[in-house]
1. Within the range 56-82, can you find the residues that are touching a residue at least 24 places away in the same chain (Cβ under 8 Å), more than 13 Å from residue 147 (Cα to Cα) and assigned to a helix (DSSP H, G or I)?
2. Where residues in the range 137-166 are touching an Asp or Glu at 6+ places or on another chain (Cβ under 7 Å) and among the hydrophobic types (A, V, I, L, M, F, W, C), which of them is surrounded by the most Cβ atoms within 10 Å (Cβ to Cβ)?
3. Of (1) surrounded by 15 or more Cβ atoms within 10 Å (Cβ to Cβ); (2) under 19 Å from residue 65 (Cβ atoms), residue 171 satisfies all except one. Which?
4. Residue 121 is checked against (1) outside any loop (DSSP other than H, G, I, E, B); (2) within 27 Å of the chain's Cα centre (by Cα) and fails just one. What number does that condition carry?
5. Before we move on, is residue 8 at pLDDT 90 or above, exposed (fewer than 10 other Cβ atoms within 10 Å of the Cβ) and over 30 Å from residue 173 (Cα atoms)?
6. When the residues of the range 119-170 are filtered to those that are small (Gly, Ala, Ser) and out of contact with any Phe, Trp or Tyr (no Cβ under 8 Å at 6 or more places or on another chain), which remaining residue is modelled with the lowest pLDDT?
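The values are calculated or read from the model by the stated rules, or taken from the named source; none is laboratory data. The structure presented is a predicted model; accordingly, all values stated were derived computationally and were not measured. Every residue, glycine as well, gets a Cβ built from its backbone with ideal geometry; the counts of neighbours run over all protein chains shown.
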Amino acid sequence: MQEARRRGLDRDDSIRDKTQRYKEQLVLDELLKDKLQTKVELTQEELSAYYESHASELLDPFKVNVSIMLLPNVYAAKDLEMQINRGGSFAKFAQRYSIDEKTKGSGGDLGPYRKGLVLPEVDDVIHTLKPGMVSAPIKTDNGYYLVMLTPLDEAIIQADLATQERLRQELLAEKRRKRFQDVIADIRNNASVRFAEASRYITEDTGAR
């Protein structure tokens with residue numbers, strides 16, 4: 001160091017500029033590190049909104065499987081309701097008697113419940129049922145529906161939980177990126193003030209050591 005001073009390198013403008021830039025970068029790095037130490041967390045409101053925006057990827061909170069059959073009149077519907085309550089197979093009756101060509105082949109199975117899956121008047125009744133129950137006949141413009149709910153397969157539920165966690169991690173990473181970008185923008189927009197602040201931070205931190 002003494003040799004460098006003897007040769008006047010400490011007065012060389014290019015070296016002094018490099019030293020200054022290095023010092024500025026150092027203090028800004030320390031400031032950035034300090035400001036990013038605060039843990040980024042998600043609020044329940046943020047998470048719920050993100051889940052809502054990805055609703056097509058998730059199960060509805062009302063986690064049940066829905067089966068339906070459509071009958072031409074209330075008498076047929078009441079008769080089948082009675083037989084199912086006595087132990088008859090909803091799926092077999094749906095395959096044999098349902099006039100809904102789209103669902104009868106699958107025994108009326110519509111899969112996991114989701115909004116918009118069925119007509120509004122049928123949807124209203126679904127939320128009054130418990131798994132294993134068959135509804136009373138539901139009158140619609142198309143005919144009379146019977147609805148039955150069954151528990152979802154555990155594998156489907158676990159897959160949904162895995163999807164929820166993936167979405168949570170996506171949102172957390174997005175929030176971290178935004179936090180980093182905001183801090184960088186703040187430092188750039190207030191460079192002189194931040195540099196003075198960072199210099200004091202380093203000076204105080206160094207003194208404390």
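1. Residues satisfying the conditions are 57, 74, 76.
2. 146
3. The failed condition is (2).
4. Among (1) outside any loop (DSSP other than H, G, I, E, B); (2) within 27 Å of the chain's Cα centre (by Cα), the lone unmet condition for residue 121 is (2).
5. No, not satisfied.
6. Per the stated criteria, the residue is 155.
Results for (1) charged (D, E, K, R); (2) in contact with a Lys or Arg (Cβ under 8 Å, 6 or more places away or on another chain), shown as yes or no for each residue.
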site: 67; (1), (2): no, no
site: 87; (1), (2): no, no
site: 91; (1), (2): no, no
site: 112; (1), (2): no, yes
site: 120; (1), (2): no, no
site: 129; (1), (2): no, no
site: 139; (1), (2): yes, no
